[in-house]
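Data first, discussion second: the structure below is written as structure tokens.
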């Protein structure tokens, strides 16, 4: 009788074992995919940070050029004001 009970539950035990193996494989596969996505996100954030740094440097350079142009305009304006005051 014990042998009959064991032989009756044997297919169920095998099915449960296979299901456990499938679940473990899927679980590990999801962990691997999650790790890869995290690495990809990190690379994207790094690229974004590099782009932001480059844009900030470009803006600083443009601001410096504008400042230099404004200084030249102020110098010319001062020369024109001096010339006009001498003419009067």
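Suppose we filter segment 1-12 for residues that are in a helix (DSSP H, G or I) and surrounded by fewer than 10 Cβ atoms within 10 Å (Cβ to Cβ); how many remain? The number of residues fulfilling the criteria is 8. Is it fair to say residue 59 is under 44 Å from the mean Cα position of the chain (by Cα) and surrounded by 10 or more Cβ atoms within 10 Å (Cβ to Cβ)? Against the criterion (under 44 Å from the mean Cα position of the chain (by Cα) and surrounded by 10 or more Cβ atoms within 10 Å (Cβ to Cβ)), residue 59 qualifies.
Each reported figure results from applying straightforward, stated rules to the coordinates on display, with no laboratory input. Predicted, not measured: the structure shown is a model, and the values here were computed from it. A quick note on method: Cβ atoms are made from the backbone with ideal geometry, for glycine too, and the neighbour counts reach across all protein chains shown.
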